[in-house]
Amino acid sequence: MATIATAGHKTAAFPTSALLAPFRAVGRFMVRLAEASPQMRALNHLSEISDEDLAAKGVTRESEIRRILGGSSAL
């Protein structure tokens, strides 16, 4: 059985979490901004549709992705 020993003293150094907090906030903001876009909502909706339902409509998943993303798709 392995055990871990830790020192029980606090250092007087500035906590790194305070330095990283702005970067985490910016990252969370950018993710929320991307998820709020109409393209992302359409892709989320597409992922909920089965391949059989798409085939019944006469389209493929790849063609729908190209339609949603327009010229920015890199498939």
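Things worth noting here:
- Among S63, S17, the order by Cβ neighbours within 10 angstrom, fewest to most, reads S17, S63.
- Note on T3, T16, T60: ascending count of other Cβ atoms within 10 Å places them as T3, T16, T60, the fewest first.
- Three-way shape label, segment 30-73, alpha-carbon gyration tensor, a/c 1.5: oblate
- Dipole-positive endmost among S63, A34, L46 within segment 27-69 (Cβ charges, Cα centre): A34
- Here the residues I68, I49, I4, ranked from fewest to most Cβ neighbours within 10 Å of their Cβ, fall in the order I4, I49, I68.
Rule-based calculations on the coordinates, nothing more; no lab input. Nothing here was measured: the structure is a model prediction, and the numbers come from that model. Quick reminder, even Gly has a Cβ in these numbers, built from the backbone with ideal geometry, and neighbours come from all protein chains shown.
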